[in-house]
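So the structure is just underneath, and the comments pick up after that.
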Amino acid sequence: MRVVTTFAAALTMGCDVVWAESISMKTAIKITCFIRYEIDPYQREAFKEYAENWGPIIPRCGGHLVGYFLPYEGTNNVAWGLIGFDSLASYESYRQKLKIDPEARKNIETAVAKRIILREERTFVEVVDGTFNVAAAPGETK
């Protein structure tokens, strides 16, 4: 069993958001779909609602929702979503389920109608063994 923790929090160092718990997985997360959104900064709250709506949808369709992240400081028009999968085949199955899920379709239609998302990019990443969630050795912390 692989344990997935705060990959996204590690990427957003400096934010006030820090998860203190690990998320135990039933299946190993081998890849993470890292979605970069260019959003309308004047519709931050609408994007937040869009992201919150995915909370029950993504797990129901087969993805492991690591989290959505809004701009906190600095650039105000870039947000991220991270969703884990055990394989690209699992991702493809998830995408097919999204297409027929009424709540997923409604969420996408609302985002398009409101023009919340200006651009969306997907990248698939994997953890480099020995580099993720590594605690400092005793005596190394200050």
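Sort out which residues of the range 26-78 are assigned to a loop (DSSP other than H, G, I, E, B) and in contact with a Ser or Thr (Cβ under 7 Å, 6 or more places away or on another chain), and write them in order of number. Matches in the range 26-78: K30, G62.
Selection of the range 79-95 for residues being assigned to a helix (DSSP H, G or I) and touching a residue at least 60 places away in the same chain (Cβ under 8 Å) yields only Y91. Kindly indicate whether any position in the range 112-119 is in a loop (DSSP other than H, G, I, E, B), on the phi > 0 side of the Ramachandran plot and charged (D, E, K, R). Checked the range 112-119: at least one residue is in a loop (DSSP other than H, G, I, E, B), on the phi > 0 side of the Ramachandran plot and charged (D, E, K, R). Take I108 and tell me if it is surrounded by 15 or more Cβ atoms within 10 Å (Cβ to Cβ) and without any contact (Cβ under 8 Å) to a residue 12 or more places away in the chain. Yes; evaluated as a whole, the condition is true for this residue.
Taken over the range 35-78, the criterion of being in contact (Cβ under 8 Å) with a residue 12 or more places away in the chain, small (G, A, S) and over 22 Å from V127 (Cβ atoms) is satisfied by A46, A51. Of all the listed residues (T123, T131), the sole one being among the polar types (S, T, N, Q) and modelled with pLDDT of 95 or more is T123.
Scan the range 31-87 for residues that are surrounded by fewer than 16 Cβ atoms within 10 Å (Cβ to Cβ), under 22 Å from K106 (Cα atoms) and small (G, A, S) and jot them down. Within the range 31-87, G55 is the sole residue that qualifies.
The values are calculated or read from the model by the stated rules, or taken from the named source; none is laboratory data. All of these numbers come straight from a predicted model, not from anything done at the bench. As a convention, Cβ positions derive from the backbone with ideal geometry for all residues, glycine included, and neighbour counts pool all protein chains shown.
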